[in-house]
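Here is the structure we will look at.
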Amino acid sequence: MSAVKITPEELTLFSDYIATLSGIHLNSSKGYLLETRLVKMLRETGTDNFTDLYKKIRADISKKLEGQLLDAMTTNETHFFRDSAPFDLLQHKIIPDLIDRRIPGADINKSPLTLKIWSAACSTGQEVYSIGIVLKELLGDTTNHNVTILGTDISDEAVTKASWGYYSPIDIERGLPPAKLNKYFNKENDKWKIDDEIRSLATFKKLNLMNDFSHLGKFDIIFCRNVAIYFPEEKKKLLFQRISKLLKPDGALIIGSTESIATVCPSFESKRYLRSIYYQLKQ
Ligand SMILES: C[S@@+](CC[C@H](N)C(=O)[O-])C[C@H]1O[C@@H](n2cnc3c(N)ncnc32)[C@H](O)[C@@H]1O
């Protein structure tokens, strides 16, 4: 199919709809993004213009097309141990501090550790499994502990891949040191499968951060990285306010390395450890 051009009216139609569905803000210069990312949907729905595609998506009561639109329009860029510093922070500061506070004598061989961790926009799972690897390295046999990692994302495709736990050599080359690959992945045909023990720490769910998530309960550690950058300031503010309500009083929030919530949510205060910043609730 030759490239279908989007008109300014269609761009507004789609941008408003995507913002309502997901919070993702596309500005008026993003017409090319819609044109390129929706080529497949135009083809698969047999549509030759964006107005008709919009009508088809809105008329689809199964919401399948809505899911496909979100899959196409979300940026699922991620990799193992992305930015590395947050995972050093987790391993050397955040979890050891929680162990000190939660376990008598800080002896994890004698008492089980209970930890609930949430990766709030987990994409295809690399963030979740990087956290799982850190837990395994710190705790040894994780089956002696009650540690769980919840990975959520708005994209059906991303959550399915995360849950599957298989990665291509290209995924693996991005961020995973060879020693960790050999220790925590098994080769199956042309894919690498995450170790069963680490897989069993994780649960994945489709979840739109624009919707209520208070039912998830409280967490010790929340990763919300590289997703709020797509939201306008007001939505970002509300998101972090709602996240603050799900963090335990001594819990930690980790955001993306280029992000800041200093002016966004006054209930958090930033803490620095080596090269990293994390957030805790003001006491
Ligand atoms: C760039 S990835 C970040 C993945 C991972 N946190 C990282 O930093 O490597 C952004 C993810 O946010 C998800 N996302 C976008 N809008 C969302 C929303 N409203 N609710 C939940 N997830 C959303 C996308 O599907 C995408 O997988």
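The values are calculated or read from the model by the stated rules, or taken from the named source; none is laboratory data. Computed from a predicted model, the values in this text were never measured in an experiment. Note that we place each Cβ from the backbone using ideal geometry, even for glycine, and neighbour counts take in every protein chain shown. Protein only, heavy atoms only, side chains kept; ligands, DNA and RNA dropped before computing areas. Shrake-Rupley method; radii C 1.70, N 1.55, O 1.52, S 1.80 Å.
Before moving on, here are some points about what is shown:
- None of Ser2, Ser29 is at pLDDT below 95, away from the ligand (no atom under 13 Å from the Cβ) and outside any loop (DSSP other than H, G, I, E, B) except Ser29.
- Of all residues assigned to segment 46-57, at least one qualifies as being out of contact with any strand residue (DSSP E or B) (no Cβ under 7 Å at 6 or more places or on another chain), open to solvent by 80 Å² or more (accessible area, probe 1.4 Å) and part of a helix (DSSP H, G or I).
- Counting the residues of segment 53-79 that are within 15 Å of the ligand (Cβ to nearest atom) and touching a residue at least 40 places away in the same chain (Cβ under 8 Å) gives 12.
- When Ser119 is tested against (1) of a type in the set (Gly, Ala, Ser); (2) touching a helix residue (DSSP H, G or I) at 6+ places or on another chain (Cβ under 6 Å); (3) open to solvent by 10 Å² or more (accessible area, probe 1.4 Å), just one condition goes unmet, and that condition is (3).
- Residue check for Gly175: of a type in the set (Gly, Ala, Ser), open to solvent by 20 Å² or more (accessible area, probe 1.4 Å), within 22 Å of Gly256 (Cβ to Cβ) and within 11 Å of the ligand (Cβ to nearest atom): yes
- For segment 129-142, the criterion of being assigned to a loop (DSSP other than H, G, I, E, B) and small (Gly, Ala, Ser) is met by at least one residue.
- One residue from Arg37, Arg43 being open to solvent by 50 Å² or more (accessible area, probe 1.4 Å) and within 16 Å of the ligand (Cβ to nearest atom): Arg37
- Condition check for Ser214: in contact with a Lys or Arg (Cβ under 8 Å, 6 or more places away or on another chain), without any contact (Cβ under 8 Å) to a residue 60 or more places away in the chain and small (Gly, Ala, Ser): yes
- At least 1 residues being within 16 Å of the ligand (Cβ to nearest atom) and in the same structural domain as His92 (by TED's automatic domain parsing) is the threshold, and among the strands (runs of 3 or more DSSP E) wholly inside segment 235-283 those reaching it are 247-255, 276-281.
- Qualifying residue in segment 179-193 (condition: within 15 Å of the ligand (Cβ to nearest atom) and of a type outside the set (A, V, I, L, M, F, W, C)): no
- Out of Asn208, Asn226, Asn186, sole residue that is surrounded by fewer than 18 Cβ atoms within 10 Å (Cβ to Cβ) and within 27 Å of Phe268 (Cα to Cα): Asn208
- Qualifying residues in segment 189-205 (those that are part of a loop (DSSP other than H, G, I, E, B) and more than 16 Å from Ile149 (Cα to Cα)) - the one least open to solvent (accessible area, probe 1.4 Å): Asp190
- Some residue of segment 166-175 being farther than 20 Å from His79 by Cβ, out of contact with any helix residue (DSSP H, G or I) (no Cβ under 7 Å at 6 or more places or on another chain) and assigned to a loop (DSSP other than H, G, I, E, B): no
- Any hit, segment 128-151, residues being under 18 Å from Ser22 (Cα atoms) and either free of Cβ contacts under 8 Å to residues at least 40 places away in the same chain or within 16 Å of the ligand (Cβ to nearest atom) (or both): yes
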